[in-house]
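Here the structure is laid out as structure tokens; the discussion comes afterwards.
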Amino acid sequence: QVQLAESGGGLVQAGGSLKLSCAASGNRFTIRVMGWYRQAPGNQRDLVARIASDGTTNYADSVKGRFTISRDNAKKTVHLQMNSLKPEDTAVYFCHARESLTNYWGQGTQVTVSA
């Protein structure tokens with residue numbers, strides 16, 4: 001059973017920056033993909049960014065050029081550096097990890113961007 005511990009998040013003004021971190025533990029096999037999703041009230045949970053164990057990344061179009069995902073395979077951590085934040089980035093951000101065919105989720109951390 002993989003556990004994901006998230007940190008970061010909070011309240012920031014538009015144009016500001018935040019960094020989210022997530023540490024995985026308890027995995028038996030290599031975690032192939034780690035990433036971040038977000039969910040705003042009334043909306044579905046959407047991909048923000050993900051990174052594979054080989055370093056391949058994917059970003060939502062809405063965050064390209066502003067967010068950067070990185071990963072430390074040895075420490076089993078993933079980070080999301082969020083710059084130039086906008087009010088529409090406000091959401092609960094969830095860490096995600098995929099081990100074999102199973103998806104795991106963190107409990108979520110709130111990011112609020114004020115105008």
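The values are calculated or read from the model by the stated rules, or taken from the named source; none is laboratory data. Values in this document were obtained by computation on a predicted structure and should not be read as measured data. Cβ sites come from the backbone with ideal geometry, for glycine too, and all protein chains shown count toward neighbours. Note: accessible area is taken over every heavy atom of the protein model, side chains too, but ligands, DNA and RNA are not part of it. Shrake-Rupley method; radii C 1.70, N 1.55, O 1.52, S 1.80 Å.
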With a cut-off of 18 Å, note down the residues of the range 56-77 whose backbone N falls inside the zone around a label point 7 Å from the Cα of residue 3 toward its beta carbon.
-> 75-77
Sequence-distant aspartates and glutamates (8 or more away, or on other chains) whose Cα lies within less than 19 Å of residue 76 | 6, 54, 99
Quick one: net charge around residue 96, please, counting Lys, Arg +1 and Asp, Glu -1 for every other residue with C-beta under 12 Å from its C-beta.
-> +2
Could you compute the FRET efficiency for residue 56 and residue 11, with r as their C-beta to C-beta distance and R0 at 41 Å, rounded to 0.05?
-> 0.80
Roughly speaking, to the nearest percent, how much of the range 1-82's 1.4 Å accessible area is carbon and sulfur?
-> 45
Determine the gain in length on full extension of the stretch residue 44-residue 114; use 0.36 nm per residue of separation and subtract their C-alpha separation, reporting nm with one decimal.
-> 23.1 nm
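Can you give the local net charge around residue 39? Use residues other than it whose beta-carbon is closer than 15 angstrom to its beta-carbon, Lys and Arg +1, Asp and Glu -1.
Value of the local net charge: -2.
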Can you check what the net charge comes to around residue 51, using other residues whose Cβ is under 12 Å from the Cβ of residue 51 (Lys, Arg +1; Asp, Glu -1)?
-> +2
